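Only one structure is covered here, and it is reproduced in the block below.
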Amino acid sequence: GESVGLHLPTLSVQEGDNSIINCAYSNSASDYFIWYKQESGKGPQFIIDIRSNMDKRQGQRVTVLLNKTVKHLSLQIAATQPGDSAVYFCAENIDGNAGNMLTFGGGTRLMVKP
Amino acid sequence: NAGVTQTPKFRILKIGQSMTLQCTQDMNHNYMYWYRQDPGMGLKLIYYSVGAGITDKGEVPNGYNVSRSTTEDFPLRLELAAPSQTSVYFCASSWDRGGIQYFGAGTRLSVL
């Protein structure tokens, strides 16, 4: 079936290094993707989104890249900080009949070493 | 602006008990959602609503019920709680069908 998934369950990086979190999707009809950050004991928090008519979008210290050819999404975090430690989810929008049916991947845990 | 507010934050239930998880949003969003998140797993959609008076099932609706009498509130009802319902429950809302979903802080439920 169609699904959104992640390559790596845990990513450990040194403080100050750049982080890259990957996500694969299989639904070629998906046209909207979102990255969420979930800190321990909190709800998911929106980071950045991208539509399928774009291949790159930048925010503050974060960049999302979309490769539609291989159905791959990545989140790049520049100069990773301890506060970036969290679980990161990618989500795919499947435009259902009556609502925004986001499908979430399992998440990647980012651990930042001081 | 409080966003999405969930109560309670924690709850322990005995098997067979019932409870209602409360969710309210002050962003005037039409769309609201309930998810559950099991340890180390992603989010699974339980129910959603596209407006007051309209609800529909998600991926894992069994054992739950919802209602949407107002735009602001979207309570989730658990009848006859079972250990399999031990999870963290998140409520979310969005402005439109293609928009960003905003999440509450979650309700951590244990059924013993």
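The values are calculated or read from the model by the stated rules, or taken from the named source; none is laboratory data. These figures come from a predicted structure and were not determined experimentally. Note: ideal-geometry Cβ built from the backbone for every residue, glycine included; neighbour counts use all protein chains shown. Quick note on the areas: whole protein, heavy atoms, side chains included, nothing else; ligands and nucleic acids left out. Shrake-Rupley method; radii C 1.70, N 1.55, O 1.52, S 1.80 Å.
In table form, for the structure just shown:
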{"quantity": "Nearest-10 value in Å² for the accessible area of B:H29, using the 1.4 Å probe", "calculated": "10 Å²"}
{"quantity": "Relative intensity, log₁₀ I(q)/I(0), of the range B:1-100 from a Debye sum that treats every alpha carbon as a point, q = 0.14, 0.17, 0.23 Å⁻¹", "calculated": "-0.49, -0.73, -1.30"}
{"quantity": "Portion, in percent, of the accessible area of the range A:43-114 that falls on carbon or sulfur, probe 1.4 Å", "calculated": "47 percent"}
{"quantity": "10 Å Cβ neighbours from other chains, averaged over peptide B:99-106", "calculated": "6"}
{"quantity": "Set of aspartates and glutamates near A:K56 by C-alpha distance (under 15 Å), chain-local residues within fewer than 8 positions excluded", "calculated": "A:D31"}
{"quantity": "Test item: Cα-centred dipole of the range A:48-114, Lys/Arg +1 and Asp/Glu -1 on Cβ, debye", "calculated": "220 debye"}
{"quantity": "Kirkwood Rh and Cα Rg combined as Rg/Rh, chain A", "calculated": "0.96"}
{"quantity": "For A:18-25, mean number of other protein chain Cβ atoms within 10 Å", "calculated": "0"}
{"quantity": "Residue-level accessible surface for A:V70, protein heavy atoms, 1.4 Å, Å²", "calculated": "90 Å²"}
{"quantity": "Sequence-distant lysines (8 or more away, or on other chains) whose Cα lies within less than 27 Å of B:K57", "calculated": "A:K37, A:K42, B:K9, B:K14, B:K44"}
{"quantity": "Rg followed by Dmax, in Å, when the protein assembly as shown is reduced to its Cα trace", "calculated": "17.6, 51"}
{"quantity": "Residue mean of other protein chain beta carbons inside 10 Å, B:40-50", "calculated": "5"}
{"quantity": "Summed residue charge, Cβ within 13 Å of A:I47's Cβ, Lys/Arg positive, Asp/Glu negative", "calculated": "0"}
{"quantity": "Buried accessible area, chains A and B (both chains, 1.4 Å probe, Å² to nearest 100)", "calculated": "1600 Å²"}
{"quantity": "Sequence-separation-based contact order of the range B:3-65, relative, with Cα cut under 8 Å and 6+ spacing, percent", "calculated": "23 percent"}
